[in-house]
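Participant: My questions all concern the structure below.
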Amino acid sequence: MLSALIVGGVTVPAAAEAPVGAKITAIPDSGSRPVADGIPTLPYGSLSTPRSVALTPQAQLLAQYTAAELELSVLSARRSELQQEYSNALIAKAMADYAWRQTADALREARKAAEAAAIAAYQGSVKGPAGLDDSLGELGLLIPRAHSTPETESALADLSRAQVEERTAYVALTEAITAEQKTSAAYSAIEKEYKRKETAFLELKRRVAEAQSEADRQRELQEQNLGDYDAGQSNAGLIAAPKARQAVMHALSQRGKPYKWGDEGPNTYDCSGLMYWSYGKAGIRLNRVAKDQYYGTRAKPVAKSALLPGDLLFFATNPNDWRTIHHVGMYLGNGKMVHARTTGDVVKIAPVSMSSVDFATRVVDALPAPQSTPTATASASATPRPTASSSPSASSSPSSSPSASSSPTPQGGGSPEPEPAESASPVAQESTSPKASPQPSPSPSPAPAAG
């Protein structure tokens, strides 16, 4: 069959590869592409078209409120930074002005000294009779002089150095004034922007408060109710240190006091001011600003699963950059924290989602949680002693009479010579002594066993 095909020849398909060396004049037809005629059908149904879920007016308002709150927090942190920069610029300008005035005074003194040295050298080089300068008066100053003295050279060198120092100080003062003006303008601009955003935020807050349902109000009340709160609760085998627990209780004592940016108590607070005041009352001084509080405690980071009361929770716009931290709260345990939230709010307790926490640190090292170990009984530690008699008073019995339970030991019975080994219960002797009587007495003696 194969030979017949070879001899007879076969028809080459149109799509077959062209012979080697053949000239290609056109691209082979690849056919038409399939056209979708609807949603693809799957074995267990079909793909649904994505649809956007319409938000309720209250949800939209809440989303606007949350976005405005975040923006205001970022602006507040930036305003705090610029305020610090402006204060530093004012100090730098004052120091530069003082330094320039010192060099300007030194320059004036150097000029006077140089002029005096030049006049002395000029007059001292005149070759004439004594008293000639006095007779010439001011005309003596016009007599040309040939050479300068070492004193003149020294005075001129001092003058040149004073001129350089004054010019350098003046340039530094000019730069300080420029920096102060620049930071002042930036601070004024962000202050204006903050006030505008704050006004809009407060209006949103008012609208949210009006739209808040009674159930939300009840939930808020429930969040503020700690019940029998214990700051010494344990986690991961640790408990908070006493100073951390003190800081927690101090922070909780400030609930209801208004938020005010830049304040650190005792009547109003911002977020980092509350942390600063609470730990200060416990005898620990923190840095003042939220991101500086993180930087000061960064050596003691805490996993979110190992948080204890008193730990600091930080929130940032960039979770990979601590310099973008804009808010801080103090962890209470059970998924709650106490914080001073924002303008128009008060110091209060709030639930915290661990996914929203970007950094967490511990101010004071925690302590090991106390372990509840069972207390060893006297019967477990007593040394069994073999008995030489099988009398009922020395025999072991798994049961005891009511009278024996009222006097379990020789000490309780008033024996003048108590022995711990003899005060072991009959049950302990039965379970530990290899020489106990094989026939227990049905009615043991009520008196303690005697040696």
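The values are calculated or read from the model by the stated rules, or taken from the named source; none is laboratory data. Here the structure is a predicted model, which is why all the values come from computation and not from measurement. Note that each Cβ is placed from the backbone with ideal geometry, even for glycine, and that neighbours are counted across all protein chains shown.
Participant: Have a look at Thr383, Thr343, Thr387, Thr377 and point out the one that is under 30 Å from Arg78 (Cα atoms) and either modelled with pLDDT of 50 or more or outside the structural domain of Pro301 (by TED's automatic domain parsing) (or both).
Facilitator: Going through Thr383, Thr343, Thr387, Thr377 in turn, just one is under 30 Å from Arg78 (Cα atoms) and either modelled with pLDDT of 50 or more or outside the structural domain of Pro301 (by TED's automatic domain parsing) (or both): Thr343.
Participant: Shifting gears a bit: Hey, among Ala106, Ala121, Ala113, which residue is surrounded by 15 or more Cβ atoms within 10 Å (Cβ to Cβ) and in contact with a Leu (Cβ under 9 Å, 6 or more places away or on another chain)?
Facilitator: Ala113
Participant: Right, next: Could you run through the stretch 85-96 and say how many residues are surrounded by 15 or more Cβ atoms within 10 Å (Cβ to Cβ) and not hydrophobic (A, V, I, L, M, F, W, C)?
Facilitator: Adding up the residues that qualify gives 3.
Participant: Within the stretch 233-251, how many residues are of a type outside the set (Lys, Arg), surrounded by fewer than 20 Cβ atoms within 10 Å (Cβ to Cβ) and either without any contact (Cβ under 8 Å) to a residue 24 or more places away in the chain or in a helix (DSSP H, G or I) (or both)?
Facilitator: Final tally of qualifying residues: 3.
Participant: Now, a different point. Name the residue, out of Leu274, Leu226, Leu204, that is touching a residue at least 12 places away in the same chain (Cβ under 8 Å) and in a loop (DSSP other than H, G, I, E, B).
Facilitator: From the options Leu274, Leu226, Leu204, the qualifying one is Leu226.
Participant: Return only the number of the condition from (1) at pLDDT below 85; (2) surrounded by fewer than 15 Cβ atoms within 10 Å (Cβ to Cβ) that Ile143 does not satisfy.
Facilitator: Condition not satisfied by Ile143: (2).
Participant: Ok, one more. Examine the stretch 214-229 for a residue that is modelled with pLDDT under 95 and in contact with a Pro (Cβ under 7 Å, 6 or more places away or on another chain), and state whether such a residue exists.
Facilitator: Yes.
Participant: Of everything in the stretch 249-290, what is of a type in the set (S, T, N, Q), more than 22 Å from Leu82 (Cα to Cα) and under 18 Å from the mean Cα position of the chain (by Cα)? Give them in sequence order.
Facilitator: Once the filter is applied, which keeps residues that are of a type in the set (S, T, N, Q), more than 22 Å from Leu82 (Cα to Cα) and under 18 Å from the mean Cα position of the chain (by Cα), the stretch 249-290 yields only Ser278.
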